[in-house]
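Asks: Just passing along the structure, written as structure tokens.
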Amino acid sequence: MRGGPLPSISALVCPRSHGACRPVAETVLGAPIADADDNLVLAHRVRTRSMDLLQAAHLWSGIEIALWDLLSRLHGVPVWRLVGFDRAVRKRAYASLLFGDTPEETLRRGRAARERGFTAVKFGWGPFGQGRLADDADQVVVAREAIGPDALLLIDAGQAFGRDIDRAAERLPVLEDARAHWLEEPFGATRLRPMPLSLRVAVRCVWLAERRRTVPISLAR
């Protein structure tokens, strides 16, 4: 579950404001949970009844994981079968790290993640996108150095570029050279909504088509 404990507690027990702003506890406490369908129904109810509580989705994610685990134990079957799969698929976990304040700190953090056995590492936020192109390039170069040539390198811009497509695009060559697997949230969904529709569409395609680059863009999680 993402999010701090105090906002999560607040979303659980806060006073009800209106129909779409109810405490999550009002929906989940006492709800019947006997099978996967019950869990899916409960997820829908939380979304509709608590949609105006910003922390509700994060809080529910923790509750939902626990409920799937309980259902798995109750029925004696793995969760992947409960949610409709006929086989388990291997997942590749990645370490999620902040860029260091300096390239040297980024190097240390990346090497530590590799020593813990991660074969994919995401670096994000910190100083990335906050200053000069050269500074960001240094960070990306040492991130690749830290995790080695064969590990998967992921970059999270933390919405650093606002609505500035050109400034974000300046980082593409160094990301390509470092073989970054993706660039996550360079702009952020709320920054794109005020843009004309044609510009929003361009943001989605400019990376792979007009600019002929090969680093996929993730607009949101």
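Every number in this text was worked out from the coordinates using simple rules, so none of it is lab data. Note that this is a predicted model, so its numbers are computed, not measured. Cβ coordinates were reconstructed from backbone atoms using ideal geometry, including for glycine residues, and neighbour counts include every protein chain displayed.
Asks: If each of Leu133 and Arg108 carries a label point 7 Å out from its Cα toward its Cβ, how far apart are those two points in nm?
Replies: 3.1
Asks: Restricting attention to the alpha-carbon atoms of region 43-127, what are Rg (one decimal) and Dmax (integer), both in Å?
Replies: Using the Cα atoms of region 43-127, the pair Rg, Dmax is 18.5, 51 Å.
Asks: At 7 Å along the Cα-to-beta-carbon direction for both Leu29 and His75, put a label point, then send me their distance in nm to one decimal.
Replies: 2.8
Asks: Would you please give the FRET efficiency between Glu170 and Val141, computed as 1/(1 + (r/R0)^6) with r the Cβ-Cβ distance and R0 = 25 Å, to the nearest 0.05? Kindly include the intermediate steps, with their values, before the conclusion.
Replies: Values: r = 15 Å, r/R0 = 0.60.
Rounded to the nearest 0.05, the efficiency is 0.95.
Asks: A follow-up question, please. Once the other residues with Cβ under 15 Å from the Cβ of Arg92 are scored (Lys, Arg +1; Asp, Glu -1), what is the net sum?
Replies: Within the 15 Å Cβ shell, the charges total +4.
Asks: Given axes a ≥ b ≥ c from the Cα gyration tensor, I'd like to know whether region 19-92 is rounded (a/c under 1.5), prolate (a/b larger than b/c) or oblate.
Replies: Taking the square roots of the gyration eigenvalues as a ≥ b ≥ c, region 19-92 is prolate.
Asks: Here is a further query. Once you put a point 7 Å from the Cα of Ala20 and another 7 Å from the Cα of Lys91, both along the Cβ direction, what distance in nm separates them?
Replies: 3.0
Asks: Percentage of Cα-Cα pair distances in region 85-124 greater than 15 Å, rounded to whole percent?
Replies: Counting every Cα pair in region 85-124, those more than 15 Å apart make up 45 percent.
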